[in-house]
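Each reported figure results from applying straightforward, stated rules to the coordinates on display, with no laboratory input. All values reported here derive from a predicted model rather than from experimental measurement. Cβ: placed from backbone, ideal geometry, glycine included. Neighbour counts: every protein chain shown.
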Amino acid sequence: MTIEELDLAFEETGEKGRHRRRRRSGKKRGRGRSVMALFMALVLLGALGGGVWYGFDRIRGFFVAPDYTTAGSGQVTIEVKNADTATDIGNTLVKADVVKSAGAFIKAAQGNPLSKNIQPGFYQLRHQMRAADALTALLDLKNKIVSKVTIPEGATYKEVYAALSKATKIPVAEFEKAGKDPIGLGVPEWWFNRTDKKPANKTIEGFLFPKTYEFPPGTTAESALKTIVEQFNTEMADLDFVNVVQTQRRISPYEALIAASIAQAEALKDEDMGPVVRVLYNRAYTGKFPCSCLGLDSTVNYWLKITGKGGKASEHLSKSELHNPKNPYNTHDVGGMPVGPIGNPGVAALKGAMNPPQTDYYYFVSIDTKGTMAYAKDYAGHKANIRKACDNGIPLC
């Protein structure tokens, strides 16, 4: 209602009086009513202005999110989970008093296209940081709290335990304890079945897939080994390893895994993994090689390593060590694949075990310091290759 409308209302009320002498006094009253109308209009305008200011303040609060103005102080650990959005991360940071509001973090994230690269994990940040600084810190992997360890191809389980212990500060004894139950760690029990009817050595060896792993705070020996075994299972599924070796090689996946581990130990170059495996298969399964024995020093050395005796170069192995009947990895006198893997093979060796080239080679030997491999069909050819190795400085003669 306008001031004029208020005035008119008061005047209409005044006309209801019928005596003229009262109408004369209406001028004073009219001035009073005008003052009252003005007063009420000002009250209404004030209320309206207050409402506008309140609404503006609310809108401003929505677009201008509270933010800290310092680089922060102290230390605090926060976790970014898988599939966390900028809002989720912002709420986590507010709860830990890293940023003042989720809105400030969201605004910083919207202004930085790299924000989509924030990785899940644990981070060490500071209390009461500017949102933009908190975002920068989350994008810097130096602030990510992880125990990183690389398992090299061919490493034995004992070497893996030592590397894990060094990275996580978990005692080796705890890995030894957890590793005694490979099935409990996620290795399917059927992996230990064999087509050659030989007993399987149900250990964790062979199932610790070579890769670089990152373990967050709170990791235990058991959870670390489960993570690694889970990676092994994933890799096997991606390679279709089980199906291929059963249908095309006609052997158990466990025997093929053993062959891959031996190739990993014997061959230096990826290109030799398959050819070496073919020699192993020819010796073990064709019935054309004496006692179907692999006759390998690497398997003997493996037993010496895991029993604390230390590995030796082939020229330093004694006859008693090579033919020790108590060594379950003796492949000089016992035919077929040994009782278990002698290390943890990588993808190249696994592929070699799946699809080795079709050859009639029964011998292989490294003939130079670069790891160049030579193959032979018979012992005469093998002896010729050994002479080449000796000429190249390999101590075999």
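Fully extending the segment from HIS127 to LYS95 would add 10.5 nm, taking 0.36 nm per residue of separation and subtracting the current Cα-Cα distance.
Distance between the modelled labels on ASN233 and ASP368, one decimal in nanometres: 4.5 nm (7 Å Cα→Cβ projection). For a paramagnetic label modelled on CYS390 (point 7 Å from Cα along Cα→Cβ), amide N atoms under 20 Å away belong, within segment 298-339, to 313-319. Here segment 165-361 has an Rg and Dmax of 16.9, 54 Å, counting Cα atoms alone. Among the listed pairs LYS351/LYS383; LYS166/LYS309; LYS158/LYS351; LYS81/LYS211, those whose Cα-Cα separation exceeds 27 Å are LYS351/LYS383. Which shape class, rounded, prolate or oblate, goes with segment 73-143 when its Cα gyration tensor gives a ≥ b ≥ c as root eigenvalues, a/c under 1.5 marks rounded, and past that a/b bigger than b/c marks prolate? In terms of gyration-tensor shape, rounded. Put a dot 7 Å past the Cα of SER314, heading toward its Cβ, do the same for LYS148, and the two dots end up 3.7 nm apart. Going from the residue with the fewest nearby Cβ atoms within 10 Å to the one with the most, ARG283, ARG249, ARG194, ARG387 rank ARG387, ARG194, ARG249, ARG283. Residues ASP270, ASP238, arranged from fewest to most other Cβ atoms within 10 angstrom of their Cβ, appear as ASP238, ASP270.
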